[in-house]
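*Asks:* Could you have a look at this structure, given as structure tokens, before my questions?
The values are calculated or read from the model by the stated rules, or taken from the named source; none is laboratory data. Because the structure is a prediction, the values reported are computed rather than measured. Cβ placement follows ideal geometry from the backbone for every residue including glycine, while neighbour counts extend to all protein chains displayed.
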Amino acid sequence: MENDSQTNEQLAKKYFDEGEIAFHNRNYEKAIECFKKALEYKPDFAGACNNIGSAYQFWNGQYQKAIEYYKKAIELKPDYAGAYSNMGNAYKDWNGQYVKAIEYYEKAIELKPDYADAYYNMGNAYFNWNGQYEKAIECYKEVIKYKPDYADAYYCMGLAYYYWNGQYAKAIECYGEAIKLKPDYAEAYCNMGVAYFELGDESWGISCIKQAARLGNENAKNLLAVNGIE
């Protein structure tokens, strides 16, 4: 019996690892097959349930199936912060169910107080839920507290300051921090340029937008073309 148990454990891990490879190669159908096979050998494999959920979510946004498997993962492992966060992502992306999404992000953070990704996604939920920019910024600040090199958090905080009563100088500061961490961050350069224009600094605005265009940002290229700037 012990040998059978060890064999089942090994086979579950084998199929799980194969599923992870397929997932990272964006072959979500194959990934689901492998993770489900892992569950056959280890029915209480919460990580496999969670990953099936993620695969369904990324495979043409099958959010209902994704949530079903995230719930199974949590039933098997009630303190599974990652599954709660993923369920929040599914509700956020599934027709913008932000109230439910935030509820699950908060649960994930309760279980794992330094969960930077959960704070980041909760910030995005507040940003998109009727423009609750102040709450979004609070979340992005928590991200940076726990993960200071999180360039996207600085970028999104810049967007939030931009739209929250036009705090353009603070937006520029955040975009600048994002660029320090990610020097080829074209979107940050483009939005920094727009913020400079809002402050009346055309020279810096053009410079930033030109850099964004050089990095391949289509919005920046269009801005330059529309304004006749070479």
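*Asks:* Residues of region 87-113 being under 20 Å from Gly47 (Cα atoms) and of a type in the set (Asp, Glu), which ones?
*Replies:* Once the filter is applied, which keeps residues that are under 20 Å from Gly47 (Cα atoms) and of a type in the set (Asp, Glu), region 87-113 yields only Glu110.
*Asks:* Which condition does Asn121 not pass, out of (1) more than 16 Å from the chain's Cα centre (by Cα); (2) of a type in the set (S, T, N, Q); (3) under 24 Å from Asn86 (Cβ atoms), if it passes all the others?
*Replies:* Every condition holds for Asn121 apart from (1).
Residues checked against (1) crowded, with 18+ Cβ neighbours inside 10 Å; (2) not β-branched (Val, Ile, Thr); (3) not in a helix (DSSP H, G or I):
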{"residue": "Asn8", "(1), (2), (3)": "no, yes, no"}
{"residue": "Lys14", "(1), (2), (3)": "no, yes, no"}
{"residue": "Glu18", "(1), (2), (3)": "no, yes, no"}
{"residue": "Arg26", "(1), (2), (3)": "no, yes, yes"}
{"residue": "Glu33", "(1), (2), (3)": "no, yes, no"}
{"residue": "Pro43", "(1), (2), (3)": "no, yes, yes"}
{"residue": "Asn51", "(1), (2), (3)": "yes, yes, no"}
{"residue": "Asn60", "(1), (2), (3)": "no, yes, yes"}
{"residue": "Lys71", "(1), (2), (3)": "no, yes, no"}
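*Asks:* Separate question: Out of Lys36, Lys42, I need the residue that is of a type outside the set (S, T, N, Q), at pLDDT 95 or above and farther than 27 Å from Ala118 by Cα. Which one?
*Replies:* Sole residue among the options that is of a type outside the set (S, T, N, Q), at pLDDT 95 or above and farther than 27 Å from Ala118 by Cα: Lys42.
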